[in-house]
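Quick one: this structure, given as C-alpha cells, is what I'll be asking you about.
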Amino acid sequence: MAEKTRKRGKEENQNSNNRSTHTDLYGPIPKTTEAVKEKLGEIFSQCSDFIQREILCGKNGKTRMLLAYFNGFVDKMILNQDVISPILDFFSNNETDEVSPVYMRLKDCIVVNSEIKEVDDMGQAVDGIISGEALLFIDGEEKALVIGVKAPQGRHVDEPDTETSIRGSREGFVENLLINIILIRKRIKNPNLKMEMMTLGKQTKTDICICYIKGIANEEIVDEVRRRLKKINTDAILDTGIIEQYITDNRLSLFPLVGNSEKCDKLAGKLLEGRVAIICDGTPYILTVPYLFIESIQTTDDYYDNAFFATFMRIIRLLALMISNLLPGMYVALVCFHHTVIPFKLMITLAASRQGIPFSPFVEAILMIIAFEFLREAGVRMPRPIGQALSIVGAIVLGEASVSAGVSSNLMVIIVAITATCSFMVPPLIRATMLLRFVFLAAANFMGFFGIALVAVVVLTHLCSLRSFGIPYMAPFSPLTSSDLKDSLIVVPIWAMVTRPRMLRQENTGGFKNSKRMEVKTSRDSRKS
Amino acid sequence: MILGKVKKGIFAVQILLLLMFPLLLTGCWNNRDLVDINIATGIGLDRTEEGKLLLTIQIVEPAAIQSTASGKGKGGGAQPEPVFTQCFEGETVFEAVRGMLSIVDKKVFFSAAQVLILGERLLQDGIEEVLDFFQRDHEMDYQMRILAAKDVTPREILEIKNDIDPIPAVYIKETVDNTVARGTVKKTMLIDLIKDIEDRGKQPAIGQISKEGEEKVRTEGTAVIKDGKLAGWLDPYETRGYLFAIGELRSAIVSVPADKGKVAMEIMKAKGKTKVEFENNQPSMLSIKVSVEANVGGYEGTGRLDSPDNLYMLEEKLKEEIKKEIIMALEKTQKEYSSDIFGFGTYVRKFHPQYWKNAEKEWDSIFSNLPAQIQVDAKIERTGIIINPVASGD
C-alpha cells in the first residue's frame with residue numbers, strides 16, 4: 001500500500017498528459033505504408049477486430065494509402081461514403097503523380113468529413129484508432145489523418161430507472177459522453193456552459209468532461225475539481241463511482257460528499273445553481289460537486305410542484321431519514337430500559353407481543369433487519385424473472401409466518417417494515433443509514449436512550465465537520481445561512497426563489513481556504529506515507 | 001505533523017471521556033426486557049391486626065389481556081386470567097415489595113400502577129411513614145390515583161373481577177375519573193397527597209372507594225385526614241361542597257327545587273377561593289368565595305324559563321343550594337373532624353407569616369372555632385336547545 005502511494009506521487013508529473021507516453025513508445029510515423037502496416041500489425045497483434053485496408057489508386061496503383069480502424073467501432077457506411085468512395089472517385093477522374101499535393105488535397109477537399117485531424121506521430125495515431133476513429137496513412141508522408149467516423153454506440157436515451165419522478169422530463173443520461181453533453185446543452189443554451197475534456201485511466205483512457213457554467217459556478221471550485229481530477233492516477237475509470245472515491249473530501253466518511261444523477265433536468269438545475277458536473281464516458285451517472293446534505297432530501301418534483309406540498313414532503317423525507325436510522329434502536333431502548341415512559345395501554349400491547357419470543361429485543365431486531373437486507377440484496381442481484389419467487393419468500397420471512405412461528409414479535413415485523421420503507425425514501429443516504437442503524441441499535445441495547453443520544457451527538461458532530469469541495473456539508477443549517485434556507489426544509493415557491501445558493505458562490509471566505517489547507521495536507525500526507 | 005496527530009488523538013479521547021461522564025449520572029441503565037417484569041397495575045396497602053404491613057399487588061398478564069381484547073379463544077378451555085392479585089406481609093413497604101419476589105417469578109414494575117388503595121386500618125394508623133417509599137423509589141408514577149377504602153380492605157377491592165374492563169385497576173381508575181367529572185369524589189394523585197402532607201397549612205383529603213355489590217366499586221366521598229391519620233369521611237354532597245370551596249370542581253349536576261318541579265343544573269365552570277379575614281392581627285373570619293356558570297340541563301316540572309326573572313330566581317336558588325353544600329362540608333370538618341382540608345392555613349402562612357409562626361401548632365383548633373362567610377355567585381348561561389319545559393303550564 002505504501003509502495004503504491006509512493007509510486008503514485010512519482011508518476012504524478014507524467015500523468016498530466018497520458019498521450020505523451022505513447023509518443024515515446026511508438027515513435028514517429030514511418031514513411032512507407034508498408035512499414036506502417038507492419039508496425040500497426042505488431043501493436044495490434046492478436047486483435048482480430050483490427051482492420052487495415054490498403055487503397056491503391058492513381059496510375060498503376062502508384063499512390064498507396066492505408067486505412068486503419070477497428071471493425072464495428074467505426075460506422076462503415078460513413079467510412080465508405082466519406083472516405084473511400086471520394087478517394088477512388090478522385091483518382092479515377094484525375095491523374096496526379098505528385099504525392100504532396102495529393103496529401104493536401106485529401107485533407108482539404110477529397111475526404112468529406114466534418115471531423116478531420118492531422119497527427120504526426122505514431123502514438124497519437126494509435127490513440128485515434130483505439131478511440132474509434134479511422135486513420136488514413138499516405139505512402140511517403142510522415143503524417144496521418146484522423147477521421148471521425150465513430151459509430152454511435154450504446155442504448156437510446158431512456159427514462160432513468162433509479163430516479164423516477166412524477167412530473168418533469170423522462171430523459172435520462174446514457175453511456176455515451178457526447179450524447180450526454182448534447183442532452184445538457186439542449187437544456188442550457190448558453191455559450192457560458194463550458195465542457196472541459198480530459199482523459200483519465202492509464203489503461204482505459206476514459207474521456208472525462210468537466211461541465212460548469214462560467215459566471216455562475218465558483219471558479220475556485222472549478223479549479224479544485226480540475227486539480228483533484230488531474231491527481232487521479234489509476235489504471236481504470238469504469239464508472240463515475242471510481243472518480244467519486246478519488247475526489248471526495250473525506251474518504252472515510254459514510255456520507256456521500258459527491259452527488260450523482262441520471263436525470264437531465266436535475267443535472268441542469270444543479271449546474272444553474274453553480275455546481276460543477278463531472279461526466280464520464282461509459283456511464284449514465286454524472287457527478288455533481290459540491291454535494292450538501294440537504295440535497296439528499298431534495299427532488300426535482302419539489303420545484304415543479306406546489307411549494308406547500310414540497311415543504312411537507314421535505315419534512316416527511318427528513319422524518320423518514322430519522323426513523324430509518326433510529327426506529328429499531330428506539331424500540332429496543334423502550335422495551336429494555338425505559339418502561340416508565342411507555343403509556344400503560346401501549347405497554348400491555350408491547351409486553352403481550354413480546355410474550356414467548358425466545359430472543360432479546362436486540363437479537364430479534366438484528367435478525368429481522370439482516371433478513372430484510374438479505375432479501376433486498378437478493379432482489380438487486382438476482383435475474384429479473386426469478387423476482388416473483390423472492391417476493392413470496394420475503395413475505396413469508398418478514399411476515400405472519402415468522403410471528404406465528406414465535407421467532408419474532410409482530411411489532412418487530414412492523415418496525416422493520418417501516419424502517420425499510422423509510423430508508424428507501426432517501427436513496428442517496430441508504431448506505432449510511434443501513435450501517436448507522438446497527439450502531440444506534442447496539443448503543444440502545446447497551447445504554448438505552450442515553451446511548452442513542454451519544455451516537456447521535458457523534459454522528460451530528462461528524463456531519464457538521466464534513467466539507468464538500470470547501471462547502472460545509474450541513475449548510476445552510478450549520479453554518480446557518482438564512483438566505484439559503486428558502487430551499488432547505490422549507491421550499492418557497494419558485495417565483496420567490498430569486499437568489500442562487502449563497503454557499504456555492506462564496507469566494508475568498510474562510511470556508512474555502514480551510515478546505516484548501518486540508519487538501520494540501522492530504523496530498524502531502526499521501527506522499528509521505 | 002506527528003505532534004499534530006497526537007494532539008488530535010488526545011483531544012478525541014478527552015471528548016470521549018467527557019461523553020462517558022453522564023453515564024455515571026443516570027440512575028438506571030440495566031437492560032431488562034419488557035417480558036422479564038411483572039407489570040403492577042394496582043397497589044393496596046393495609047395493616048394486619050398484628051400491625052404488620054400488608055401489601056397487595058395486582059399484576060397483569062399481558063398476553064391474556066390481548067386474547068380477551070381480540071375475543072380470541074373465548075369459551076376455549078383454560079383461559080389464563082388477565083390479572084392476578086398477590087399479598088405479602090412485611091415490616092416495611094420495601095421489605096414487602098422485595099419479599100413478594102419469593103412468590104412471583106419476575107421483578108415487580110410499579111411505574112404502570114394506576115391506583116394505590118389505602119386500607120381503613122392503615123389510615124387510622126397513619127399514612128405518612130408508608131408513603132416514604134413511594135416518593136423515594138424512582139419507578140413510581142406520581143400520577144397514580146390514591147383512594148381510601150371504606151368498609152372494605154384494599155385486597156377485596158383489587159380482587160374484584162368484572163366484564164367492564166379486563167384489568168380491575170384500570171376500571172377503578174376510569175371510574176374515579178368519571179366521578180371527578182361529577183364532582184363527588186376528590187381526585188387525589190400521589191403527587192397531590194405528598195404535597196398536602198408537606199404543606200403544614202393544609203390537611204390531606206383522599207378520594208373514597210367502597211364496594212358496590214360483589215363485582216363493582218363505588219367511588220364517592222372523601223376521607224378526611226388529620227395529621228396523617230383518618231379523621232372521618234365526607235359524603236358525596238359534602239365532598240361537592242368541599243370541592244366548590246377549594247375550586248377543584250370541574251363539573252357537576254346540582255338539583256335545584258324550582259316552582260312546580262326540580263331543575264337539574266349543569267355546572268360548566270366553577271371558581272372557588274378561600275381566604276382568612278384578619279382583624280387586629282387575629283383571624284376573625286373564614287371567607288369562601290365561589291362563582292359558577294351553569295346551564296339548565298333538565299327541568300322536571302311545569303315552570304317557565306322564558307323571562308329573565310325566572311332565570312334570576314333560578315340563579316338565587318342555585319346559589320342557596322351550593323352554599324348549603326359548602327356549609328355542610330365546612331361545619332363537618334370544623335366541628336367534627338377539626339381538620340383544615342380547605343387549606344386556610346396555607347393562606348395564613350403566605351399572607352400572615354408572623355402570626356402563623358405562633359399559631360401553626362394549634363391551627364386546627366383555631367380553624368374549628370372561626371366563623372365563616374360564604375359568598376356564592378351563580379350565572380345561568382344557556383338553557384339548552386329549548387327554553388320552557390315541554391309540559392309547561394300556561
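The values are calculated or read from the model by the stated rules, or taken from the named source; none is laboratory data. Note that this is a predicted model, so its numbers are computed, not measured. Virtual Cβ from ideal backbone geometry, glycine too; neighbours counted across all protein chains shown. Quick note on the areas: whole protein, heavy atoms, side chains included, nothing else; ligands and nucleic acids left out. Shrake-Rupley method; radii C 1.70, N 1.55, O 1.52, S 1.80 Å.
Express the carbon and sulfur contribution to the solvent-accessible surface of region B:132-265 as a percent, rounded to the nearest whole number, probe 1.4 angstrom. Walk me through the numbers on the way to the answer.
On the way: 2380 of 5470 Å².
Of all accessible area on region B:132-265, carbon and sulfur atoms account for 44 percent.
Please give the helix A:219-231 orientation as an angle from the longest Cα principal axis of chain A, in degrees from 0 to 90, rounded to the nearest 10.
70
Can you give me the accessible area per residue for region A:365-420, using a 1.4 Å probe, in Å²? Intermediate values should be presented prior to the final figure.
Values: 3130 Å² over 56 residues.
Counting only protein heavy atoms, the per-residue value for region A:365-420 is 56 Å².
For region B:101-192, just list the percent of Cα-Cα distances falling in each 5 Å bin from zero outward, please.
The percentages, shortest bin first, are 2, 12, 19, 24, 24, 13, 4, 1, 0.
Arrange the peptides A:201-207, B:319-325, A:283-289, B:302-308 so that the one whose residues have, on average, the most other Cβ atoms within 10 Å appears first.
Working: A:201-207: 16.7, B:319-325: 19.7, A:283-289: 24.9, B:302-308: 15.0.
The most tightly packed comes first, giving A:283-289, B:319-325, A:201-207, B:302-308.
Please list, in order along region B:300-306, the HN-Hα scalar couplings obtained from phi with the Karplus expression 6.51 cos²θ - 1.76 cosθ + 1.60 (θ = phi - 60°), rounded to whole Hz, x for Gly and Pro.
Computed from phi, the couplings for region B:300-306 are 9, x, 10, x, 10, 10, 8 Hz.
Hey, another quick one. With the convex hull built on the Cα atoms of region A:456-504, state its orientation-averaged projected area in nm².
Details: hull surface 14.8 nm².
If I average the Cα hull's projected area over directions, I get 3.7 nm².
With a 1.4 Å probe and all protein chains left in place, how much of the accessible area of chain A comes from carbon and sulfur atoms, in whole percent? Walk me through the intermediate numbers first.
On the way: 15090 of 25670 Å².
In chain A, the share of accessible area belonging to carbon and sulfur is 59 percent.
Counting Lys and Arg as +1 and Asp and Glu as -1, what is the net charge of the other residues whose Cβ lies under 15 Å from the Cβ of A:M330? Before the final figure, lay out each step's value.
On the way: positive: A:R437; negative: A:E364.
It works out to a net charge of 0.
Just list whichever of B:K216/B:K260; B:K187/B:K323; A:K150/A:K231; B:K186/B:K260; A:K205/A:K230 have alpha carbons separated by over 25 Å in the model shown.
Among B:K216/B:K260; B:K187/B:K323; A:K150/A:K231; B:K186/B:K260; A:K205/A:K230, the Cα-Cα distance tops 25 Å for B:K216/B:K260; A:K150/A:K231; B:K186/B:K260.
Could I ask something else about it? Can you give the FRET efficiency for B:K260 and B:E174, using 1/(1 + (r/R0)^6), R0 = 45 Å, r = Cβ-Cβ distance, to the nearest 0.05? Working shown, then result.
Numbers: r = 38 Å, r/R0 = 0.85.
After rounding to 0.05, the efficiency reads 0.75.
Could you sort A:150-160, B:36-46 so that the peptide with the highest average Cβ count within 10 Å comes first and the rest follow in order? Mind dumping the intermediate values first?
On the way: A:150-160: 13.7, B:36-46: 23.7.
Ranking, from highest mean packing down: B:36-46, A:150-160.
What does the extension gain come out to for A:I316 and A:L238, with contour length at 0.36 nm per residue minus their alpha carbon separation? Display every interim value, and only then the final one.
Working: separation 78, 0.36 × 78 = 28.08 nm, distance 3.58 nm.
Full extension of this stretch gives 24.5 nm more.
Follow-up question, since we're still on this one. Sum up the charges of everything whose Cβ sits under 11 Å from the Cβ of A:F73, counting Lys and Arg as +1 and Asp and Glu as -1, but leave A:F73 out.
On the way: positive: A:K76, A:K150; negative: A:D49, A:D75, A:E133.
Taking every Cβ under 11 Å from that of A:F73, the sum is -1.
Before we go on, tell me the buried accessible area for the B/A pair, both chains summed, 1.4 Å probe, in Å² to the nearest 100. Intermediate results must be reported in sequence, preceding the final value.
Details: alone 20940 and 26890 Å², together 45380 Å².
The B and A chains share an interface burying roughly 2500 Å².
Calculate for chain B the 222 nm mean residue ellipticity that helices alone would give, adding -39,500 (n - 2.57) per DSSP H run of length 4 or more and normalising by residue count, nearest 500 deg cm²/dmol. Each step should come with its number before you reach the end.
Values: 14 runs with 136 residues, N = 394.
So the calculated ellipticity at 222 nm is -10000 deg cm²/dmol.
Using θ = phi - 60° and the Karplus form 6.51 cos²θ - 1.76 cosθ + 1.60, what ³J(HN,Hα) does each residue of region A:437-444 get, whole Hz, x for Gly and Pro?
Working through the residues one at a time gives 3, 5, 5, 4, 4, 5, 5, 5 Hz.
Once you average over the residues of B:32-44, how many Cβ atoms of partner chains fall within 10 Å of each Cβ?
Numbers: counts 4, 13, 13, 12, 4, 3, 1, 5, 0, 2, 0, 0, 0.
Counting Cβ atoms of other protein chains within 10 Å of each residue's Cβ and averaging gives 4.
Taking 7 Å along the Cα-to-C-beta vector as the label spot, tell me the A:T461-A:F308 distance in nanometres, rounded to one decimal.
Each label point lies 7 Å from its Cα, and together they span 4.3 nm.
Positive end of the charge dipole of the protein assembly as shown (Lys, Arg +1 and Asp, Glu -1 on Cβ, about the Cα centre): tell me which of B:L116, B:I267, A:V111 has its Cα farthest that way.
Comparing the listed Cα positions along the dipole, A:V111 ranks first.
Let me know the Rg and Dmax you get for region B:261-394 when you use only its Cα atoms, in Å.
So, for region B:261-394, Rg and Dmax equal 19.3, 64 Å respectively.
Can I ask one more? Taking beta carbons within 10 Å but only from partner chains, what does the mean come to for residues B:59-66?
Numbers: counts 0, 5, 4, 9, 7, 2, 5, 6.
Neighbouring Cβ atoms belonging to other protein chains average 5 per residue here.
From Cα pairs below 8 angstrom and at least 6 apart in sequence, can you work out the relative contact order of chain A, rounded to a whole percent?
Values: 792 pairs, mean separation 73.0, N = 529.
That works out to 14 percent.
Of B:K229/B:K273; A:K270/B:K5; B:K52/B:K350; B:K161/B:K271, which pairs sit farther than 29 Å apart, going by alpha carbon to alpha carbon?
A:K270/B:K5; B:K52/B:K350; B:K161/B:K271
With each run of n ≥ 4 DSSP H residues scored as -39500 (n - 2.57), what mean residue ellipticity at 222 nm is computed for chain A after dividing by its residue count and rounding to the nearest 500 deg cm²/dmol?
Numbers: 22 runs with 260 residues, N = 529.
Computed mean residue ellipticity for chain A: -15000 deg cm²/dmol.
Oh, and also: For the pair B:E362 and A:I430, what calculated FRET efficiency results from E = 1/(1 + (r/R0)^6), where r is the Cβ-Cβ distance and R0 = 60 Å, to the nearest 0.05? Kindly include the intermediate steps, with their values, before the conclusion.
Values: r = 75 Å, r/R0 = 1.25.
Taking R0 as 60 Å, the efficiency between A:I430 and B:E362 is 0.20.
Now for a separate question. Considering the Cα trace of chain B, what is its radius of gyration and what is Dmax, both in angstroms?
Both quantities, over Cα of chain B: 26.6, 105 Å.
Under a Cβ-only charge scheme (Lys and Arg +1, Asp and Glu -1), can you give me the dipole magnitude of the protein assembly as shown about the Cα centre, in debye to the nearest 20? All intermediate terms of the calculation are to be shown ahead of the outcome.
Details: 112 positive and 118 negative charges, 537 e Å.
In debye, rounded to 20, the protein assembly as shown gives about 2580.
What's the FRET efficiency of A:Q388 with A:T421 using the Cβ-Cβ distance as r and R₀ = 22 Å, to the nearest 0.05? Before the final figure, lay out the partial values.
Details: r = 21 Å, r/R0 = 0.94.
Working from the Cβ atoms, E equals 0.60.
A follow-up question, please. A:R64: accessible area at probe 1.4 Å, nearest 10 Å²?
Estimated to the nearest 10 Å², A:R64 gives 70 Å².
Further question on the same structure: Semi-axes of the equivalent ellipsoid of chain A: what are they in whole Å, largest first, if each equals the square root of 5 times a C-alpha gyration tensor eigenvalue? Present the calculation step by step, with values, prior to reporting the outcome.
On the way: eigenvalues 639, 139, 104 Å².
In descending order, the three semi-axes are 57, 26, 23 Å.
Output wanted: per-residue J couplings in Hz (rounded whole) for region A:379-390, from phi through Karplus 6.51 cos²θ - 1.76 cosθ + 1.60, θ = phi - 60°, x for Gly and Pro.
Once θ is set to phi - 60°, the couplings for region A:379-390 become x, 6, 7, 6, x, 3, x, 7, x, 4, 4, 5 Hz.
Scan chain B and note any complete DSSP helix (H) whose C-alpha atoms cover at least 30 Å along its axis and whose Kyte-Doolittle average is -1.0 or more.
Working: long enough: B:308-331 (34 Å, -0.51).
Qualifying helices: B:308-331.
At 7 Å along the Cα-to-beta-carbon direction for both B:E248 and B:E91, put a label point, then send me their distance in nm to one decimal.
3.5
Based on Cα coordinates alone, diagonalise the gyration tensor for the protein assembly as shown, multiply each eigenvalue by 5, take square roots, and list the semi-axes in whole Å, largest first.
Whole-Å semi-axes of the equivalent ellipsoid: 88, 31, 28.
Would you mind computing, in nm to one decimal, how far apart the modelled labels at A:H156 and B:M189 are, each placed 7 Å from Cα along Cα→Cβ?
6.9
Could you provide, to the nearest whole Å², the per residue accessible area of region A:177-291 with probe 1.4 Å? Could you put the intermediate results ahead of the total?
Numbers: 4220 Å² over 115 residues.
The answer is 37 Å² per residue.
To test your reading of the geometry: what angle, between 0 and 90 degrees and rounded to tens, separates the Cα axis of helix A:264-273 from the longest principal axis of chain A?
Compared with the principal axis, the helix lies near 80 degrees.
Further, regarding this structure: Per residue of A:349-357, how many C-beta atoms from partner chains lie within 10 Å of its own C-beta, taken as a mean?
Numbers: counts 4, 3, 15, 11, 5, 6, 7, 2, 2.
If you average over the peptide's residues, the count of other-chain Cβ atoms is 6.
Now for a separate question. What relative contact order, as a whole-number percentage, does region B:74-210 give when Cα pairs under 8 Å and 6 or more residues apart are counted? Please report the intermediate quantities before stating the final value.
On the way: 149 pairs, mean separation 34.8, N = 137.
Relative contact order of region B:74-210: 25 percent.
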